[in-house]
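Peer 1: Okay, handing you the structure first.
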Amino acid sequence: MEKQKKSNELGDLKPGKKSLRWIYLFLLLSLGLILWNNRWSARETTWSDFNEKMLQQHDVAKIEIANNEAVLVYIKPDSLSKKQYKDVANGLLGSAHPGPHYHFRIGSVEVFTQQLDDAQAGFSPQEKVAVVYSKNDSWWMTILAWLLPLFLLALFWIFMAGRLANTAGGPGGNVFNFGKSKAVLFDKGNLSPVTFKEVAGYEEAKTEIMEIVEFLKKPETFTRLGAKVPKGILLVGPSGTGKTLMAKAIAGEAGVPFFSLSGSEFVEMFVGVGASRVRDLFDQAMQKTPCIIFIDEIDTIGRVRGKAASFQVNDERESTLNQLLTEMDGFAPNTGVIVMAATNRADILDPALLRPGRFDRHIYLELPNKKEREAIFGVHLRPLTLGKDIDVDYLAGQTPGFSGADIANVCNEAALIAARGKKDNIGMSDFYGAIDRVVGGLEKKTRVITPQEKKWISYHESGHAIVSWMLPHVDPLVKVSIIPRGKSLGSAWYLPAERQILTRSQLFEHLCVMLGGRAAEALVFHEVSSGALDDLEKATKQAYMMVSELGMSDKMANISFYDSTGARDTLLQKPYSEETAKLIDEAVRNLIREAFDKATGTLTAHQTELHQLADLLLRKETLGKEDLENILGERGK
Ligand code: ADP
C-alpha cells in the first residue's frame, strides 16, 4: 500500500512542470546579469572623436584597456552633465551611469599608448588620464558560455525524459518509473463495471472460477483439510471467446483487489525492464493479499524458451519469463495471491509455466455452441431496439463457428445497417446483411468487373457449388454469390456442422470442393485463371497438413511431423530427411491431382447443371438454397 502510494506521488510530480520553474529562474538570472553589466550600454566611438571631443576637453576620468583589444572610456561624473554626453549620462533607473561610457577597438596596445602619450603631451601630470588594463572583463560571459551548453543539454535531457516517461512509465509517469509494473488495479472505489451477467454461457468455467475466488476469501475452509489453493489459472481459448471479458467480470465479482495487465506490457525496448516489472507487480500484490493478478496474452512472454534464442533477440522475454516463474515459485501456497493468465496459444507456452505450482489449472473457453451463441446474442441484443421478427434461435443457428466477439460485431453491424436504412428498429434482414458482412468482409459493389470476367467467376463459383452439392461428406452449401467481398471476387457459404474431428473422406472431399472452381474453368474454357489463387493456397496447405501432420497418405501413413510445442516454428531445419521431404511432396501432388480429377469428373457428369447454374448466377448474382435445389435437386444427406 505504502509503496503504491509512493509511486503515485512520484508519478504526480510532472517532470515538465518542475523543470520549467528552473528554466525561468535561469533565464531571469541571465537577463539580470546582462542588465547589471551595463557595459553593453557603452556607446561605440572612434579614436579621433575620443581624442578631440573627450580627452582634449579633460572630460575623461579613466581609460580601461580590456583584453588588449578594446578601450573602455569612463567620463568624469562632473562632465556627464554636458550636452554631448546626454545619451550616456543615465544608467539603470535614472541613476548616474558609472561607466564605461564609450568604447572602441584598437589594433595594438603599443600603438594606442603611444598615440595616447602623444595626445597628452601638453597635459600636466594631474591632468593625465589613468590607464588601467583588464583582462577577462566579462567573467559572466565566460560563465554563460559554459553554462549555456550545459543548460541546453539539461533541456534536451528533460525533454527526452518526458517522452520516455510517456512511453515507458505511462502517461504522467516519471522516467525512473519504467521498471514499475503498469498493472491496472481494480479495488474498492475502482471496481470493474463488468459482472458475470454480461458473460453469457460458460457456466462451468464461471462456477470453477468463483470457487477459486472463494478459496481466496476464506482459505481456512480448504486449508483446514490440508488442501492447497491453486496458484495459477490459465484461461485458454481462441481469440474473441471472452477471456478478457471473463477476467473483467471476475474483477467485478471477486471483491478482492485485482491487478490486470497484458503480457506485452512487461516487455519494453530496455533490457531488464520486464523482470523488474514482474518483481514490482508481485511486490505490490503481496501487500494487498488476498488478491488476483491477471496477465492477458501471456504467450507474449511465455513462449517456449531455448532453441530459437540462437538467432532471435529474445533474452529480454526469457528473463521476464524466468522472473515470473521465480516469483510464482517464491510465494508459498495459501498466501492469498492467485495469478490468472489468458492465452489463445496454450500450445506454444513454455512447459515450465504449466508445471504444478504454476499455471496448473486450465479453464478452456471454446467457441460457443448453438445454445451459448443464443445466450451471447441475448446479451448483445439487450441494448438494441429490435423489430418483432427477430428470431434469436435462427440467428444462433446461422452463426456456427462465430466467437463471442464476432456475435457482438454482428449485432453492432445489424444496428448500423438499420440506421443507414433510416429504420425505426432492427429487423431480421439487417442481421442477414450483418452476418454476410462479418463472414465475407465488406460487400463491394463498386469494383469494376468486365462481363467476360463475370462469366468466368460465375463458372468458377458454380464449380465449387456443384462439387460440394454432389459430394456427400461436405458441409451443406447455403448460398453462392459473385458479388465481390473484401479480397475475393465471389464466394460460397457453407453451413459447417459442429464437430471436433474430421475423417479423411471429409478432408479429401473438402479438397475437391476447393479445386472445383479451377476444374470448372478448365472444363468450360479449356484454360485456367488467376482467380483460383486463394483456393489453391488453401488446398495446398490442407494437403500438406493431411500428409505431413495427419498421416493420411498411403506411403507415409500414420506419421505426423506436427509439433504441438511450436518450438520448431522458428527452426530452419526440418525434422525429416531429404527423401522423406520428397515423399511428402509427391504425396501432396498425388492428393491434389486426385482431388482435381474427382472434381473434374463430378463436373463432367453434371455439365448441363453447371451451365444452368452459371447462367442463373450471372443473372441473379446471388443464389440461395432454393435456386440450387431447383437446378441440382435435393441434396443427399
Ligand atoms: P478474448 O480476450 O478471448 O480475445 P474478449 O474478451 O476480448 O475476447 O472478447 C471480445 C468481446 O466479445 C467482448 O468484449 C464481448 O463483447 C464479446 N464476447 C465474447 N464472449 C462473450 C460472452 N460469452 N458473452 C458475451 N459477450 C461476449
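Peer 1: Among the residues of the range 20-38, is there at least one that is under 30 Å from Asp280 (Cβ atoms), modelled with pLDDT under 65 and open to solvent by less than 100 Å² (accessible area, probe 1.4 Å)?
Peer 2: Checked the range 20-38: at least one residue is under 30 Å from Asp280 (Cβ atoms), modelled with pLDDT under 65 and open to solvent by less than 100 Å² (accessible area, probe 1.4 Å).
Peer 1: Continuing with this model, one more query. Could you check the range 405-420 and list, in sequence order, the residues that are crowded, with 18+ Cβ neighbours inside 10 Å and away from the ligand (no atom under 16 Å from the Cβ)?
Peer 2: The answer is Ile417, Ala418.
Peer 1: What pairs come up if the first residue lies in the range 242-254 and is closer than 13 Å to Glu208 by Cβ, the second is near the ligand (Cβ under 8 Å from one of its atoms), and their beta carbons are under 6 Å apart, counting only those six or more places apart or on different chains?
Peer 2: Listed pairs, sorted by first residue: Met246/Val199.
Peer 1: In the range 327-348, is there at least one residue being under 15 Å from Thr300 (Cα atoms) and more than 14 Å from the ligand (Cβ to nearest atom)?
Peer 2: yes
Peer 1: Related question: Hey, among Ala96, Ala130, which residue is over 29 Å from Leu27 (Cα atoms), exposed (fewer than 14 other Cβ atoms within 10 Å of the Cβ), among the hydrophobic types (A, V, I, L, M, F, W, C) and at pLDDT below 85?
Peer 2: The conditions single out Ala130.
Peer 1: List pairs: first in the range 608-637 and on the phi > 0 side of the Ramachandran plot, second not in a helix (DSSP H, G or I), Cβ under 9 Å, 6+ apart or cross-chain?
Peer 2: Close Cβ pairs (under 9 Å, with a partner that is not in a helix (DSSP H, G or I)) amount to Glu621/Ser481; Glu621/Ile482; Glu621/Ile483.
Peer 1: Among the residues of the range 216-231, is any touching a helix residue (DSSP H, G or I) at 6+ places or on another chain (Cβ under 8 Å) and within 15 Å of the ligand (Cβ to nearest atom)?
Peer 2: Taking every residue of the range 216-231 in turn, none turns out to be touching a helix residue (DSSP H, G or I) at 6+ places or on another chain (Cβ under 8 Å) and within 15 Å of the ligand (Cβ to nearest atom).
Peer 1: Between Pro383, Pro356, which is assigned by TED's automatic domain parsing to the domain that holds Phe282 and either without any contact (Cβ under 8 Å) to a residue 24 or more places away in the chain or closer than 30 Å to Arg437 by Cβ (or both)? Let's see the steps before the verdict.
Peer 2: Values: Pro383 fails: assigned by TED's automatic domain parsing to the domain that holds Phe282.
Step by step, each of Pro383, Pro356 is checked, and only Pro356 is assigned by TED's automatic domain parsing to the domain that holds Phe282 and either without any contact (Cβ under 8 Å) to a residue 24 or more places away in the chain or closer than 30 Å to Arg437 by Cβ (or both).
Peer 1: All but one of (1) open to solvent by 70 Å² or more (accessible area, probe 1.4 Å); (2) modelled with pLDDT under 85; (3) assigned to a loop (DSSP other than H, G, I, E, B) hold for Thr335, so report the exception by its number.
Peer 2: Unmet condition: (1).
Peer 1: In the range 350-373, what residues are open to solvent by less than 60 Å² (accessible area, probe 1.4 Å), more than 16 Å from the ligand (Cβ to nearest atom) and under 19 Å from Asp296 (Cβ atoms)?
Peer 2: Within the range 350-373, Asp350, Leu353, Leu354, Arg358, Phe359 qualify.
Peer 1: Considering every residue within the range 563-572, establish whether at least one is in contact (Cβ under 8 Å) with a residue 60 or more places away in the chain, more than 24 Å from Val474 (Cβ to Cβ) and β-branched (Val, Ile, Thr).
Peer 2: Looking through the range 563-572, at least one residue is in contact (Cβ under 8 Å) with a residue 60 or more places away in the chain, more than 24 Å from Val474 (Cβ to Cβ) and β-branched (Val, Ile, Thr).
Peer 1: Separate question: I need the full set of residues from the range 235-254 which are more than 13 Å from the ligand (Cβ to nearest atom) and in contact with a Leu (Cβ under 9 Å, 6 or more places away or on another chain), in order please.
Peer 2: Going through the range 235-254, the residues more than 13 Å from the ligand (Cβ to nearest atom) turn out to be 252-254.
Correct list: Gly252, Ala254.
Peer 1: Another one. Could we say that Thr399 is β-branched (Val, Ile, Thr) and open to solvent by 20 Å² or more (accessible area, probe 1.4 Å) here? Give the derivation first.
Peer 2: On the way: β-branched (Val, Ile, Thr): yes; open to solvent by 20 Å² or more (accessible area, probe 1.4 Å): no.
So Thr399 fails the test.
Matching residues to (1) under 22 Å from Thr602 (Cα atoms); (2) open to solvent by 50 Å² or more (accessible area, probe 1.4 Å); (3) part of a strand (DSSP E or B):
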site	(1), (2), (3)
Ile457	yes, no, no
Lys479	yes, no, yes
Gly516	yes, no, no
Ala522	yes, no, no
Val528	yes, yes, no
Leu533	yes, yes, no
Leu536	yes, yes, no
Phe561	no, no, no
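Peer 1: Here's something else I'd like to know. Identify the residue in the range 374-404 that is under 18 Å from Ala205 (Cβ atoms) and at pLDDT 85 or above and, among all such residues, is nearest to the ligand (Cβ to nearest atom).
Peer 2: Of the residues in the range 374-404, the ones under 18 Å from Ala205 (Cβ atoms) are 374-376, 378-379, 403-404.
From what's left, at pLDDT 85 or above: 374-376, 378-379, 404.
Working: Glu374: 11, Ala375: 7, Ile376: 4, Gly378: 9, Val379: 4, Gly404: 2 Å.
Ranking the candidates gives Gly404 first.
Peer 1: Mind checking which residues of the range 158-183 are exposed (fewer than 14 other Cβ atoms within 10 Å of the Cβ) and modelled with pLDDT of 75 or more?
Peer 2: Phe159, Met160
Peer 1: Further question: Would it be correct to say that Phe282 is more than 16 Å from the ligand (Cβ to nearest atom), within 19 Å of Ala341 (Cβ to Cβ) and out of contact with any Phe, Trp or Tyr (no Cβ under 7 Å at 6 or more places or on another chain)? Write out each step before concluding.
Peer 2: Values: more than 16 Å from the ligand (Cβ to nearest atom): yes; within 19 Å of Ala341 (Cβ to Cβ): yes; out of contact with any Phe, Trp or Tyr (no Cβ under 7 Å at 6 or more places or on another chain): yes.
Yes.
Peer 1: Name the residue that is farthest from Glu198 (Cα to Cα), counting only residues in the range 339-373 that are of a type in the set (A, V, I, L, M) and modelled with pLDDT under 85. Can you show your working first?
Peer 2: Residues of the range 339-373 that are of a type in the set (A, V, I, L, M), as a first pass: 339-342, 346, 348-349, 352-354, 363, 365, 367.
Subsequent filtering for residues that are modelled with pLDDT under 85 retains 346, 348-349, 352-354, 365, 367.
Numbers: Ala346: 25, Ile348: 30, Leu349: 29, Ala352: 34, Leu353: 30, Leu354: 29, Leu365: 15, Leu367: 17 Å.
My answer is Ala352.
Peer 1: A further question on this structure: For the range 69-84, indicate whether the set of residues that are charged (D, E, K, R), in a helix (DSSP H, G or I) and open to solvent by 80 Å² or more (accessible area, probe 1.4 Å) is non-empty. Don't jump to the end; show me each part of the working.
Peer 2: Going residue by residue through the range 69-84, those that are charged (D, E, K, R) are 69, 76, 78, 82-83.
Next, only the ones that are in a helix (DSSP H, G or I) stay: 83.
From what's left, open to solvent by 80 Å² or more (accessible area, probe 1.4 Å): 83.
Checked against the condition, which is being charged (D, E, K, R), in a helix (DSSP H, G or I) and open to solvent by 80 Å² or more (accessible area, probe 1.4 Å), the range 69-84 yields at least one hit.
Peer 1: Now a separate question. Within the range 590-604, is there a residue that is assigned by TED's automatic domain parsing to the domain that holds Phe525, within 24 Å of Ser458 (Cβ to Cβ), free of Cβ contacts under 8 Å to residues at least 60 places away in the same chain and hydroxyl-bearing (Ser, Thr, Tyr)?
Peer 2: At the first step, the residues of the range 590-604 found to be assigned by TED's automatic domain parsing to the domain that holds Phe525 are 590-604.
Imposing the further condition that a residue be within 24 Å of Ser458 (Cβ to Cβ) reduces the set to 595-604.
Imposing the further condition that a residue be free of Cβ contacts under 8 Å to residues at least 60 places away in the same chain reduces the set to 597, 601.
Still in the list and also hydroxyl-bearing (Ser, Thr, Tyr): none.
No, there is no match, as no residue in the range 590-604 is assigned by TED's automatic domain parsing to the domain that holds Phe525, within 24 Å of Ser458 (Cβ to Cβ), free of Cβ contacts under 8 Å to residues at least 60 places away in the same chain and hydroxyl-bearing (Ser, Thr, Tyr).
Peer 1: Need pairs with beta-carbon distance below 8 Å; first residue within 19 Å of Arg43 (Cα to Cα) and within the range 97-112, second in a strand (DSSP E or B) and open to solvent by 80 Å² or more (accessible area, probe 1.4 Å); sequence gap 6+ or separate chains.
Peer 2: His97/Asn90; His101/Arg43; Tyr102/Arg43; Tyr102/Glu44; His103/Arg43; His103/Glu44; Phe104/Glu44
The values are calculated or read from the model by the stated rules, or taken from the named source; none is laboratory data. Note that the structure is predicted; figures quoted are calculated from it, not measured. No Cβ is skipped: glycine too gets one built from the backbone with ideal geometry, and neighbour counts run over all protein chains shown. Heavy atoms of the whole protein, side chains included, go into the accessibility calculation; ligands, DNA and RNA do not. Shrake-Rupley method; radii C 1.70, N 1.55, O 1.52, S 1.80 Å.
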